[in-house]
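All remarks here apply to the structure that follows.
Nothing in this text is a laboratory measurement; each read-out follows from the coordinates by a stated rule. Worth saying up front: this structure is predicted, and the values here are computed from it rather than measured. Backbone-built Cβ (ideal geometry, glycine too); neighbour counts: all protein chains shown.
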Ligand code: NAD
Ligand code: MG
């Protein structure tokens, strides 16, 4: 299966990439390609085939064929689990290569790709490998002389659309459970970061997945993306991306009434009470917003601080933000990598300007940086005295920009925490157990972290509420609901 196309070079430009369909590299039918850029130096990293409607048609037909075949659709859970385990092993074996590719395509520090993203990808495939032979219905007592049971079955072809911030990780959160449940998958990576997803397709073939079980179509959202969303032979669509695009996806999926799950944006509150271990809270709030350059859907971008410790926390946040070293993402000392693209860089700088214009107090950062005269970097930025109504407290910036907002008491904290359209993640810092649980109850969010932040596990469902979407990734039960259907069977006994 491998050809010369597939092996990335450790330095310099990557070879051109084609679409991965039916366990083979194919050109886009229209012959078009697009560049993917290394944001750390602004150079074109590789040219990639630009999939369009005809290519999605081809990929979906291939996945449908796989679903109906004995080679994939006919496999029992045990065999699917073995394939997923094998793929996990191969990802682990190739982790250096994949992490390098991810860092060069996305700009995140290599230690994040290698020590955080890749291990999570491997764990996710292993977790769902273990799920594959544990999917079953129930026998349910009903009135009358009947045997009644439910069956759980796969849906068919599942479309997965992922963003650029955790390209391989978020792909694994969808691909692994969808395959574990017996579906076939067409994956569309983000146009900014297509390289690791394409390599994943190839590794799946190496692991033994038959043609069509996993197809990967790189391309743009308004072309390959919409084609996948609207396709009549795609049974379910699992989307992670912005809230704005989520609305378009929901409209696009209405025509075929396909099953939909949306993991969208966030503006997550990190709430620091005065009785917290303040040093731990400051550390957690700093990494909560600056990890992954703040390009994290769960980023704790609103830091709410009880007024009596406000100055002390601000001082700590400023000191820690100044230590977030901007640098070459491949350097081990780098804490803040490159913003994913020039467009995103402009967006982040635009929000910083709006923050100043609306009267927030810039404590530190706020400026573009370059490394050796190149790249799209922004300093870790902290705004103090942010009013809850300000744009930087309401809109998702998706960059290393913290908005610090003071509050007076518990009720005020709840009100401010929930004062946004989003409801993805949240953090609470306090030594008072009762208060922690009351706050966890009161916050409108899919995830609550108490005295910690940014924890993930394949067993823990990850998804939001309100404008952050619906239908969680990860978790056994969430995966069952998302990637299987239930059938009720009645058998008359007399
Ligand atoms: P985006 O919505 O622009 O793109 C996400 C994906 O959707 C890409 O693959 C893109 O090509 C595709 N797409 C774009 N337009 C489309 C359309 N009309 N139809 C179908 N597909 C389309 O988002 P982005 O800017 O790439 O990613 C950042 C956003 O993703 C942030 O808002 C962030 O909060 C969100 N995000 C959410 C989660 C989560 O789990 N909730 C995780 C990561 C990122
Ligand atoms: Mg790129």
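Here is how the numbers come out for the structure above:
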quantity: The chain pair-distance distribution - Cα-Cα, 10 Å bins, rounded %; calculated: 4, 20, 29, 25, 15, 6, 1, 0, 0
quantity: Between 0 and 90°, nearest 10: helix 167-180 axis offset from the chain longest Cα axis; calculated: 40
quantity: Extension gain, residue 418 back to residue 325 (0.36 nm per residue minus Cα-Cα distance, nm); calculated: 30.3 nm
quantity: Helix axis angle, 342-357 relative to the chain longest principal axis, alpha carbon, degrees; calculated: 30
quantity: Spin-label zone in the range 32-57 - amide nitrogen under 15 Å from a point set 7 Å from the Cα of residue 13 along the C-beta vector; calculated: 33-38, 42-49
quantity: Sorted by Cβ neighbour density within 10 Å, fewest at the top, the residues 79, 223; calculated: 79, 223
quantity: Calculated diffusion of the range 118-262, Stokes-Einstein form, Kirkwood radius summed over Cα pairs, 4 °C and 1.567 mPa s, µm²/s; calculated: 80
quantity: Principal axes of the range 90-194: Cα extent on each, largest first, Å; calculated: 64, 24, 19
quantity: Relative contact order of the range 269-457, defined on C-alpha pairs under 8 angstrom at six or more residues apart (%); calculated: 28
quantity: Inter-site label distance for residue 368 and residue 54 at 7 Å from Cα along Cβ, in nm; calculated: 3.9
quantity: Segment residue 346-residue 395, length gained on full extension (0.36 nm per residue, minus Cα span); calculated: 16.1 nm
quantity: Cβ-derived FRET efficiency at R0 51 Å, residue 491 paired with residue 307, nearest 0.05; calculated: 0.20
quantity: Contact order relative to length of the chain, as percent, for alpha carbon pairs under 8 angstrom and 6 or more apart; calculated: 18
quantity: Beta bridges by DSSP in the range 269-457, antiparallel share as percent, to the nearest 5; calculated: 25
quantity: Relative contact order (%) - the range 436-477, alpha-carbon pairs under 8 angstrom, separation at least six; calculated: 32
quantity: Separation of alpha-carbon centers, the range 245-289 and the range 33-105, rounded to whole Å; calculated: 26
quantity: Förster-model FRET efficiency, 35 Å R0, residue 251 and residue 451, C-beta, rounded to 0.05; calculated: 0.30
quantity: Fraction of antiparallel bridges per DSSP, the chain only, in percent to nearest 5; calculated: 45
quantity: Pairwise centroid distance, computed over Cα atoms, of the range 385-423 with the range 183-242, Å; calculated: 35
quantity: On Cα atoms only, tilt of 118-131 relative to the major axis of the chain in degrees; calculated: 40
quantity: Percentage, to the nearest whole number, of Cα pairs in the range 269-457 over 23 Å apart; calculated: 37
quantity: Extent along principal axes [Cα atoms of the range 195-317; Å; largest to smallest]; calculated: 59, 36, 21
quantity: Residue order, fewest to most beta carbons within 10 Å, for 431, 485; calculated: 431, 485
quantity: Theoretical FRET efficiency, 1/(1+(r/R0)^6), r = Cβ-Cβ of residue 97 and residue 244, R0 45 Å, to 0.05; calculated: 0.85
quantity: Ascending count of other beta-carbon atoms within 10 Å, so fewest first, for 55, 408, 133, 444; calculated: 408, 133, 444, 55
